[in-house]
Amino acid sequence: MSETNLPLVSAALPVRFVIYLPAAPEARGVDPEVIESAVAKILCERFGGVTAYAAKGTFASASGEAQTEPITVLETYCAQDAWDQNREGMAACARLLARLLKQEALGCSVNGNMVLIEAHGESLPEVLGAYASHEVYALLQRVLE
C-alpha cells in the first residue's frame, strides 16, 4: 500500500522544503532565535506548519579545512500548488537571510535536492541591528510581496 493510499490520510504533501540556518552570533546584532522565529512564522503561514531542530553543519572552508557550526534546520511539507505560488518568495527570503546572517550563501533543500542561494541583492538597512522580532518578520514579509 503506498503512503498516499493509507487509510485516514487527510492530505498528501509532496513537496519538502528545508532551510538550514546558521546560528551565527554575529548576525548584525539580531538574535538568531529572533530570525528562526520569524522564518518559522513565514513557513507556517505559507505552508501550514514547520518543524525546527538544532543540528551541526560541517563544510569545507575556502582553505579546504572542515568547519563545523551549529545550525537550525527548518523543515516544511506542502502541496505542489502552494510551493509553485511561494517558490520565488522562498528564494528571496533565503537570499535576505544569507545577508542578514553574514553568509556568502544559504543552503536550502527542495525534495532532497540541495541548493545554495547566494547573498547578493540590495543592501540591508543599517538600522537592522535594532530590529525586534516583529521587524525581522516584517522584513521577510516585504521580500515575499
(request) Considering every residue within the stretch 35-53, establish whether at least one is of a type outside the set (Ser, Thr, Tyr), closer than 21 Å to residue 96 by Cα and over 17 Å from the mean Cα position of the chain (by Cα). (result) no
Given (1) surrounded by fewer than 17 Cβ atoms within 10 Å (Cβ to Cβ); (2) under 25 Å from residue 135 (Cα atoms), residue 50 misses just (1)
- Task: For the stretch 53-65, state whether one or more residues are at pLDDT 95 or above and polar (S, T, N, Q).
- Result: no
Residue 80 meets each of (1) surrounded by 11 or more Cβ atoms within 10 Å (Cβ to Cβ); (2) at pLDDT below 90; (3) of a type outside the set (Asp, Glu) with one exception, condition (2)
Here the qualifying pairs (Cβ atoms under 7 Å; residues six or more apart or on different chains; first in the stretch 48-60 and closer than 29 Å to residue 85 by Cα; second among the acidic types (Asp, Glu) and modelled with pLDDT of 95 or more) come out as 50/75; 51/75
By residue number, the members of the stretch 98-123 that are crowded, with 16+ Cβ neighbours inside 10 Å and modelled with pLDDT under 90 are 98, 99, 100, 101, 103, 119
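The values are calculated or read from the model by the stated rules, or taken from the named source; none is laboratory data. Model, not experiment: these values are computed from the prediction. Here the Cβ is made from the backbone with ideal geometry for all residues, glycine too, and neighbour counts use every protein chain on show.
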